[in-house]
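Notes to accompany the following structure.
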Amino acid sequence: MVQDRPVRVERRLTAILAADVAGYSRLMHHDEEGTHVKLSALMMDAVHPAIAEHGGRIVKNTGDGFLAEFPSAVEAVRTAMEFQTRIKELTAGEAEDSRVAFRVGINIGDVIVEPHDIFGDGVNIAARLESIAEPGGICISSAAYDHVRGKVAVEFTDLGEQSLKNIDRPVRAYAVADRTEKGAEAVRAGLAASSRPRLSIVVLPFANLSGDPEQDYFVDGVTESLTTDLSRINGAFVIAHSTAFTFKDKAVDVTKLGRELNVRYVLEGSMQRGGNRLRVNVQLIDAEIGNHLWAERFDKPVADLFDMQDEIVSRLANSLNAELAAAEARRAERAADPDAMDLVFQGRAWWNRGWTAEYIARARGFFERAMALDPENIEAMVGLASVEEAEGAALLTDDASARFAAAEAISTKVLSLAPRCAEAHLALGVALMFTKRVVQGVAEFEHVLTLDRNSALAHSFIGYAKYLLGCGAEIEAHINEALRLSPLDTHVHRWIAWVGVAKVALNADTEAVAWLRRGIEANPNYSLAHFHLAAVLARLGEIGEAQAAVQAGLALNPMFTIRRFRASNAWSDNPAYLAGRERQCEGMRKAGVPEG
C-alpha cells in the first residue's frame, strides 16, 4: 500500500513589518467616512510607493493596518522610516485628535508561507511590537536590530526586555529614536510604561520599626508570604521576593524602580511591635507617576506570630486584589483603543459597585465586548458568569433559573480551558448552590480554598449554603471568617445581609435588623437587603420604617414583587429555609411590598 506523502509546508526567513493606525476605533467612531478616505489616501500616497521601492510586498490588509514582508530587515526599516516621514508631512496641518498616525513593529522570523498570508511566532512578535510603538513611531526586535545596526541612518533607543501579550518569553526591543524636542529618554519612558504588564507589582521588604533586630525574621516572613499570595491573583505579574529583597533597607526611587523592574505598582510598608500589639502600615504606589493609590493600617494584639502573619497576609492580598483591579479600570477608561483586558477591568469595576440593574447591565456590556475581541478570554468569561449569577441572586429577573444555567455553562467552559481557575470553580459552585444542588456547590467552594486559601468569597458562600441547608446558626462563623480575611471587600455588604436573613429563619428578628442595617450601611445598592429589612421591621411593628425601607428597595429594583421573591427564591427545599422565606413574605406584605 502506497502512503500519501505529507504535505510540504513552505517556510522562509523574512523580515516582517506590522502596522496599524493608532486609535483607529476612536477615529472611526467620530468620523467613519472621513477616516476611511484619509487612510486610503495615505496608503496610496505614502505606504505603497515606499514598500514598492524597497522590494517588499503587502501580505494582507487588516482594516486598520497591514502586514508586509521584505527580503531584509534593512529594507523593512528604510520603508517604515520613509512612509512615516511622508505621512507626518501630509498630516502636519491636521488637528491631533483627528490625525491618522501609524504604529510600526518589525521583526525577523522563520514563517509559514501561504499565497495570501504568513504565519508564525515571527509574525506575532512583529504585531506585538507594533502595539507598544508610539503613534508615528517604529519599534523593532533585537533580531532585526542585529541586522540593521550601523546600516541605516537612524539612531535607536534600547527599550530593554519587553513582556509581550501571548509571547512566552521576553523580547528585547528598540525604538527609532525620537528626533523631536521630546528626546529619546521621553520615548523610552513612554514606551516602557505602556508595555508594563497589567497588575504588575513588586512588594518591597517591609521596614522593621520595632528597634529590635530579632523581629526581622517576622517582618521578612510577612513580605515573602504576601508576595506569594499576590502571585495567586488571576493575571498578576509579581516580582520574585529574591529580587525584591535586594532593596532591603535602601532608599528607593519608586518611578525608577518601576522602569527597572517593568512593573506598574509598588507595595511598601512597615511593621512595629510594641508590647502586646503589632502595627502594620502599607501603601500602594503607582510606579509610573509616583502617586499613592491606597493605604491601610492594621493595629492588632499580638497572638501567635505565625497566625498573625497569615492574617496580615490574607487581608492585604484580598484588599490589594480589589485595589489593583480598580486602578486598572481607571487606566482602561483613559485608553483610546481598549483591548479585551481593558474592558474586563472596567466590567469588574461596575460589578463591584453593587447589584443594581444599571450596574449589572454596564458590567455585562464590558464583559461581552471583551469576549467579542477575545472569545476565550478567561477573565471575561468568569466576569460574564458572575453577571448572570448576580441577576439571578439579586432577583433582577423573573427567569433566575436561566441566568444560573447560563453561568453554569460558562464556568464549565472556563474549567475545560483552565481546570485550576479558582474563580471559575467559585462561579460553578454559586450556580449549583442556587439551583438546589447546595452540597455540590459547597464541594466547589471547598475546592476553591485548596487553590486559594485566602478566598473570602469561598468562606462566605459556604456560610450562605449552610443557611440554605437549614443550618442558619452556622452562617455567622463563616461570614466572620470572610470578614477577617477581607474586611474591606467590595462584597462585604452582601455577606453581612446574609447573616441578617439567616437570623430571620432562626426567629431572631432583633438581631436580624442589626445585621441588615449594618449591611446597608456598608453599601446601600443591594436592593434585597432593603426588602428583607422592611419585612423584619414590619413583623416588629415598625411600619413607618418598614415602608421607608420598601421605597428604598423599589428605587433600586422597581420590578421587585412578593410573587417574584417566592418564585425566584426557590433555592432549597429544606423546611427551615422555606419557613424563614414564608416569614419574610408575610413581613413584606405588611410593609407594603407589591404582591405582583
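Of note:
- Residue among Leu432, Leu396, Leu449 that is over 15 Å from the mean Cα position of the chain (by Cα), surrounded by 22 or more Cβ atoms within 10 Å (Cβ to Cβ), among the aliphatic types (A, V, I, L, M) and within 23 Å of Ile479 (Cα to Cα): Leu432
Yes or no, residue by residue, for (1) touching a Leu at 6+ places or on another chain (Cβ under 7 Å); (2) among the small types (Gly, Ala, Ser); (3) crowded, with 16+ Cβ neighbours inside 10 Å:
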| position | (1), (2), (3) |
| --- | --- |
| Tyr467 | no, no, yes |
| Asn480 | no, no, no |
| Leu483 | no, no, yes |
| Pro487 | no, no, no |
| Thr510 | no, no, no |
| Ala534 | no, yes, yes |
| Leu554 | no, no, yes |
| Asn557 | yes, no, yes |
| Ile562 | no, no, yes |
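- When restricted to residues that are assigned to a helix (DSSP H, G or I) and under 22 Å from Val501 (Cβ atoms), region 389-416 contains 10.
- Failed condition for Ala385, given (1) modelled with pLDDT of 90 or more; (2) closer than 22 Å to Ala405 by Cβ; (3) surrounded by fewer than 21 Cβ atoms within 10 Å (Cβ to Cβ): (3)
- For region 582-594, the condition holds for at least one residue, the condition being that it is closer than 23 Å to Ser401 by Cβ, hydrophobic (A, V, I, L, M, F, W, C), in contact (Cβ under 8 Å) with a residue 12 or more places away in the chain and buried (at least 23 other Cβ atoms within 10 Å of the Cβ).
- Test: residue in region 428-442 that is of a type in the set (Gly, Ala, Ser) and modelled with pLDDT under 95: no
- Enumeration of residues in region 87-115 that are in a loop (DSSP other than H, G, I, E, B), loosely packed, with under 15 Cβ neighbours inside 10 Å and under 37 Å from the mean Cα position of the chain (by Cα): Glu94, Ala95
- Filtered residues of region 399-414 (kept if among the hydroxyl-bearing types (Ser, Thr, Tyr) and either on the phi > 0 side of the Ramachandran plot or surrounded by fewer than 24 Cβ atoms within 10 Å (Cβ to Cβ) (or both)): Ser401, Thr412
- Some residue of region 60-73 being closer than 10 Å to Ile16 by Cα, within 36 Å of the chain's Cα centre (by Cα) and of a type in the set (A, V, I, L, M): yes
- Some residue of region 459-468 being more than 24 Å from Ser225 (Cβ to Cβ), of a type outside the set (Phe, Trp, Tyr) and in contact (Cβ under 8 Å) with a residue 60 or more places away in the chain: yes
- Within region 272-291, the residues that satisfy the criterion of being surrounded by fewer than 21 Cβ atoms within 10 Å (Cβ to Cβ), part of a strand (DSSP E or B) and either touching a His at 6+ places or on another chain (Cβ under 7 Å) or modelled with pLDDT of 80 or more (or both) are Gln272, Arg279, Asn281, Gln283, Asp286.
- So Glu134, is it in a strand (DSSP E or B), in the same structural domain as His29 (by TED's automatic domain parsing) and of a type in the set (Asp, Glu): no
The values are calculated or read from the model by the stated rules, or taken from the named source; none is laboratory data. Here the structure is a predicted model, which means the values were calculated and not measured. Here Cβ is always computed from backbone atoms with ideal geometry, including for glycine, and neighbour counts include all displayed protein chains.
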